[in-house]
1. Go through (1) within 21 Å of A:Gly196 (Cβ to Cβ); (2) at pLDDT 90 or above; (3) within 7 Å of another protein chain (Cβ to nearest Cβ) one by one and return the number of the condition B:Thr209 breaks.
2. For a quick check of your reading of the model, give me the residue pairs whose first member lies in segment A:157-181 and is assigned to a helix (DSSP H, G or I), whose second is open to solvent by 20 Å² or more (accessible area, probe 1.4 Å) and of a type in the set (Ser, Thr, Tyr), with beta-carbon atoms closer than 8 Å and at least 6 apart or on different chains.
3. Please count how many residues of segment B:65-90 are under 14 Å from B:Leu31 (Cβ atoms) and not charged (D, E, K, R).
4. For A:Asp155, indicate whether it is surrounded by fewer than 20 Cβ atoms within 10 Å (Cβ to Cβ), more than 15 Å from the chain's Cα centre (by Cα) and within 12 Å of chain B (Cβ to nearest Cβ).
5. Do we have any residue at all in segment B:192-203 that's more than 8 Å from every other protein chain (Cβ to nearest Cβ), in contact (Cβ under 8 Å) with a residue 40 or more places away in the chain and not hydroxyl-bearing (Ser, Thr, Tyr)?
6. Just for segment A:25-38: of the residues that are open to solvent by less than 40 Å² (accessible area, probe 1.4 Å) and among the small types (Gly, Ala, Ser), which one is nearest to A:Asp71 (Cα to Cα)?
7. Looking at segment A:160-168, can you tell me whether even one residue there is of a type outside the set (Ser, Thr, Tyr) and surrounded by fewer than 23 Cβ atoms within 10 Å (Cβ to Cβ)?
8. Which ones in segment A:158-187 are within 8 Å of chain B (Cβ to nearest Cβ) and among the small types (Gly, Ala, Ser)?
2 protein chains.
Amino acid sequence: MTSLPAPAEGPEQPRRRGRRPAGEDRRGDILAAAREEFARRGFDGATLRGIARAAGVDPRLVHHYFEGKDDVFTAAFELPVRPQDVVDPVLAPGPDGIGERLVRLFLSVWDSPPGRQRIVALLSASLTSEAGARMLREFLTREVFARIVAALRADDPELRASLAASQMMGLVVARYVVALEPLASLEPDDVVEVIGPTLQTYLAGTLRTAR
Amino acid sequence: MTSLPAPAEGPEQPRRRGRRPAGEDRRGDILAAAREEFARRGFDGATLRGIARAAGVDPRLVHHYFEGKDDVFTAAFELPVRPQDVVDPVLAPGPDGIGERLVRLFLSVWDSPPGRQRIVALLSASLTSEAGARMLREFLTREVFARIVAALRADDPELRASLAASQMMGLVVARYVVALEPLASLEPDDVVEVIGPTLQTYLAGTLRTAR
């Protein structure tokens, strides 16, 4: 066995709620507690205070390690990126081309092995329990689509967000899970070309124009 | 306990391959064997002969109970309808409005409790095992989308089929699993109006016309 790395030092010593040995992985404790709290209470119901309590640490320690609830969620579920870090830049140029930019962004995350593994794991969690479905629903709604919809200022924003989510989750299922060809092995640029216009319509186009 | 119903009688007595008590549920045996064969060999690899062998019955008995492999699959997984029975009539009028008619058809099946339960179960199976994913992939490709694509005679038929499947599987995830509002509780007519044009483009429109 190799020697263990030196334990990470917090910048301050929080008041201890329980008896805990010195030098343990408190960040890991917080993440384990966060996974339980998110699964039990959903994304909206979970709080940094509640996560700290479940982890047996001072809330200030949670704030030391993480910038906010979305940051804890991203780390707890090992998402490759924090949504706001990637979604906000994509929104900045405005509605023109938003569909293509979003598809390109998601593919850049999901086409990597860890990204693919994590999005499929989140989707699996939503299919195996009501709590998992609620967690994914609330996370998507608050952290991803609320940002997009607010930036677009279009009519029917919630409907637009849920339609866009349906196409993107369907892309995950078709490309990564069921592996439908040729969509599964299409180059990212080609996926952007065929799916981008759909997202563009859902997010910024005219809805209810059947035929 | 109520008395058991009289056992179903087959029209002919097949040669027995193993020792089996008289009057048992041979149709049930065939379906149990079919579920195993489909999961092990996929939809394409499974054969009626192999299913009969696994069930310990004469192949003629399988042909007596079921019209073909798709019929066995539909019964084995308790799908509410056999794809060809519902897809073919939707294709008959031609490409105009095919997107709307298909969305309306799928919703009429999936919005019922058994339909919803079964499509979510198939999707779950695809997320939990490679065999489940393969089974769903091959079934969708051969029994649903091959029919649609052949009827349309459009360019890039496989790409069109996989794109349409991505949107429809995404609708299942968004509407029935993750329950994203307002899509989850939208009236079927309204879902047809917003998703129908997407399927129309994927199946019969001009692809790769980004922006």
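The values are calculated or read from the model by the stated rules, or taken from the named source; none is laboratory data. All figures in this text were calculated on a predicted structure; none of them were measured in a lab. In this analysis, Cβ positions are derived from the backbone assuming ideal geometry, glycine residues included, and neighbour counts consider all displayed protein chains. Each accessible area value is taken on the protein alone, full model and side chains, heavy atoms only, with ligands, DNA and RNA left out. Shrake-Rupley method; radii C 1.70, N 1.55, O 1.52, S 1.80 Å.
1. (2)
2. A:Ala161/A:Thr141
3. 9
4. no
5. yes
6. Per the criteria, the residue is A:Ala34.
7. no
8. A:Ala161, A:Ser162, A:Ala165, A:Ser166, A:Gly170, A:Ala174, A:Ala179, A:Ala184
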